[in-house]
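One structure is given below, encoded as structure tokens.
The values are calculated or read from the model by the stated rules, or taken from the named source; none is laboratory data. Given the structure is predicted, the values throughout are model-derived calculations rather than measurements. Because the Cβ atoms are built from the backbone with ideal geometry, glycine has one as well, and the counts that use them run over all protein chains shown.
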Ligand code: V47
């Protein structure tokens with residue numbers, strides 16, 4: 001007989017302000033804006049993490065997901081000039097500017113397919129000279145040559161650009177991409193929804209209303225998508241909670257988001273004068289609080305590229321159930337100073353997950369299991 005009284009568990013909660021939130025979570029009640037702020041302002045990281053892990057394990061059991069994928073960025077020439085971005089250049093004559101041709105794109109996809117990839121994740125610059133057809137042909141050319149690969153391509157920001165280029169509305173742009181072989185939309189471009197922060201970090205980028213409108217239209221056309229939040233720059237906790245709750249509201253409407261990905265800001269080689277990387281505690285808190293606030297999301301990703309392999313692994317016990325994938329060639333975070341490798345072996349992902357005490361599941365883009373590593 002154990003001599004433990006369960007009511008004593010409260011003594012491990014160092015921040016007593018969290019008790020009402022713990023109650024709500026255990027009763028399956030939705031957390032409020034104020035709860036989100038209280039969580040971010042608390043330093044009781046272990047209580048926040050355990051709560052998030054509890055919620056995650058109720059949704060996903062011990063399973064933690066990875067995907068064999070590759071990233072592909074067809075051009076870095078971009079008219080937007082976002083201040084946090086070290087990947088893109090506004091000047092096509094800049095020595096770092098590049099444009100891939102279809103042959104290069106196909107050879108990169110071919111390499112990935114040989115490595116077992118089931119997904120190609122394509123995002124890139126809004127090129128001043130490219131037409132919507134050029135982007136559309138990237139999708140159809142890949143699909144014609146590799147019919148089995150899932151093409152997760154073009155953020156809402158790109159979809160808005162294609163609409164301007166073509167004169168088609170968002171629904172028509174998305175339908176044409178879908179007909180060409182698009183499988184789903186990635187979540188980039190969300191940054192932080194606050195208009196004040198956007199004016200500082202991404203003044204020319206579409207605002208949150210258009211970002212979410214495009215995702216909701218995609219969902220209604222039967223395309224799933226992921227969504228993101230860029231944190232650790234000039235935003236406040238209020239901005240983060242507001243961003244997450246706007247996403248929760250959109251998910252209530254359509255249910256079309258598969259996963260939420262907090263993206264840790266990488267501070268180098270860009271025009272924002274902020275040179276600090278996020279800390280481990282902030283990364284873990286943001287992952288855990290995302291899990292707690294987004295009760296209508298099945299999956300939360302700890303993206304190893306931006307938080308590093310070690311925090312991503314710990315994140316699997318702080319509410320995340322996914323660590324993305326092999327990636328093969330990451331540019332966006334690495335141009336901005338990410339310290340992680342640019343690619344990952346599948347075996348390493350499996351080891352990270354197993355040593356976190358979870359069961360690795362190789363998944364496809366839409367979270368259908370491909371192989372469970374439970375031995
Ligand atoms: O939209 C740009 C971000 C995003 C920096 O959908 C930066 O599954 C940190 O969205 N520091 C692109 N972040 C990456 C992205 C993504 C990645 C992995 C998976 C998925 C998914 C989406 O990267 C951009 C922007 O928010 N970004 N510059 C930077 N300096």
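Which is in contact (Cβ under 8 Å) with a residue 60 or more places away in the chain and part of a helix (DSSP H, G or I), of 366, 349? Full working, then the answer.
Values: 366 fails: part of a helix (DSSP H, G or I).
349 is the lone residue from the list that is in contact (Cβ under 8 Å) with a residue 60 or more places away in the chain and part of a helix (DSSP H, G or I).
Would you mention how many residues in the range 97-128 are under 24 Å from residue 205 (Cα atoms) and more than 15 Å from the ligand (Cβ to nearest atom)?
Result for the range 97-128: 6.
Testing residue 70 on (1) out of contact with any helix residue (DSSP H, G or I) (no Cβ under 8 Å at 6 or more places or on another chain); (2) outside any loop (DSSP other than H, G, I, E, B), one condition comes back false. Which one is that?
(1)
Looking at the range 230-237, can you tell me whether even one residue there is touching a residue at least 60 places away in the same chain (Cβ under 8 Å), in a loop (DSSP other than H, G, I, E, B), under 18 Å from the mean Cα position of the chain (by Cα) and assigned by TED's automatic domain parsing to the domain that holds residue 287?
Yes, the conditions are met somewhere in the range 230-237.
So the check is Cβ under 8 Å with 6+ separation or different chains; which pairs have a first residue in the range 117-135 that's within 24 Å of residue 91 (Cα to Cα) and a second one that's in a strand (DSSP E or B) and away from the ligand (no atom under 16 Å from the Cβ)?
Note: pairs meeting the criteria are 127/99.
Could you grab the pairs with beta carbons closer than 7 Å, sequence gap of 6+ or different chains, first residue in the range 333-345 and exposed (fewer than 15 other Cβ atoms within 10 Å of the Cβ), second one not in a loop (DSSP other than H, G, I, E, B)?
Short answer, once both residue conditions are applied: 339/308; 342/334.
Please go through (1) modelled with pLDDT of 95 or more; (2) within 13 Å of the ligand (Cβ to nearest atom) for residue 274 and return the number of the only condition it doesn't satisfy.
(1)
Looking at the range 126-144, which of its residues are in contact with a strand residue (DSSP E or B) (Cβ under 8 Å, 6 or more places away or on another chain) and under 18 Å from residue 70 (Cβ atoms)?
Across the range 126-144, the qualifying residues are 138, 139, 142, 143.
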